[in-house]
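S.K.: Have a look at this one before I ask anything.
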Amino acid sequence: MFLKLQKIIVKPGQQMLLQDISWQQLENILEEIGEKRAARISYSHGWLEIMVPLPEHEKDKEYIGELVRVLLDKLQIDFEPFGCTTLKNERMRQAVEPDTSFYIQNQAAIIGKNRIDLNIDPPPDLAIEIDITFRTRFENYEILGVPELWRHTEKGEAAAVREEAAAAQVARLAARLKELGENPDML
């Protein structure tokens, strides 16, 4: 028995968890729900989570994404924003959709691309998750090779996939600010 996704309703802030979903079924589901949708997916070893963000989630996503853009522009660092894109790798049996993502160190590798294939392309250098419901799974990003994940929670807390990666990034940004004659204490 296979359910038609048009008959399934997931309310904002809620999730649907499906077990024993094959990679081909995941691909079929992604094709059926399309790219212009409110729902986000996360897939790991046969488990598929479909969730719909809350309105405050989208507001925070825009604020933090814009902050990253402004900071990178100010620091004169080239970057390629990729927004919420499906990052998937069949060999690793993983797929996630960050709320927004940025190619910074690897931006030259994806210029002109509209789709990311993690079998060929590098993962984004920075993924951002607005995690109001505490469902972000760090290990999914780590398995896909995303070097840095920022998670913003309802309480304003933040965490990174690898704390040393976050500390190194802040140190690089501070050094760049000093080069530009700016005050690095703002970091």
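S.K.: Quickly run through segment 115-130 and pick out the residues that are in a loop (DSSP other than H, G, I, E, B) and within 14 Å of the chain's Cα centre (by Cα).
M.R.: Ile116, Leu118, Pro122, Pro123, Pro124, Asp125
S.K.: Now a separate question. Please tell me if Pro98 is touching a Leu at 6+ places or on another chain (Cβ under 6 Å) and surrounded by 15 or more Cβ atoms within 10 Å (Cβ to Cβ).
M.R.: No; evaluated as a whole, the condition is false for this residue.
S.K.: Then there is this: Provide a single number: the residues in segment 33-74 that are surrounded by 13 or more Cβ atoms within 10 Å (Cβ to Cβ), at pLDDT 85 or above, of a type outside the set (D, E, K, R) and not in a strand (DSSP E or B).
M.R.: 6
S.K.: Does Met92 count as in contact (Cβ under 8 Å) with a residue 60 or more places away in the chain and open to solvent by 30 Å² or more (accessible area, probe 1.4 Å)?
M.R.: No: the conditions fail for Met92.
S.K.: Then there is this: Test Tyr141 against the stated conditions and say whether it is under 12 Å from the mean Cα position of the chain (by Cα) and either open to solvent by 60 Å² or more (accessible area, probe 1.4 Å) or modelled with pLDDT under 90 (or both).
M.R.: The answer is yes for Tyr141.
S.K.: In addition: Look at Gln76 and say whether it is more than 19 Å from the chain's Cα centre (by Cα) and not hydroxyl-bearing (Ser, Thr, Tyr).
M.R.: yes
S.K.: Could you list all residues from segment 78-99 that are modelled with pLDDT of 90 or more and either out of contact with any strand residue (DSSP E or B) (no Cβ under 7 Å at 6 or more places or on another chain) or in a strand (DSSP E or B) (or both)?
M.R.: Matches in segment 78-99: Asp78, Glu80, Pro81.
S.K.: Would you point out which residue out of Ala108, Ala174 is modelled with pLDDT of 85 or more and either over 22 Å from Glu58 (Cα atoms) or aromatic (Phe, Trp, Tyr) (or both)?
M.R.: From the options Ala108, Ala174, the qualifying one is Ala108.
S.K.: Report yes if Ile128 is open to solvent by 30 Å² or more (accessible area, probe 1.4 Å) and either modelled with pLDDT of 85 or more or acidic (Asp, Glu) (or both), otherwise no.
M.R.: Against the criterion (open to solvent by 30 Å² or more (accessible area, probe 1.4 Å) and either modelled with pLDDT of 85 or more or acidic (Asp, Glu) (or both)), Ile128 does not qualify.
The values are calculated or read from the model by the stated rules, or taken from the named source; none is laboratory data. Computed from a prediction, not measured in an experiment: that's the story for all the values here. Quick reminder, even Gly has a Cβ in these numbers, built from the backbone with ideal geometry, and neighbours come from all protein chains shown. Side chains are part of the model used for accessible areas, which takes the heavy atoms of the whole protein and leaves out ligands, DNA and RNA. Shrake-Rupley method; radii C 1.70, N 1.55, O 1.52, S 1.80 Å.
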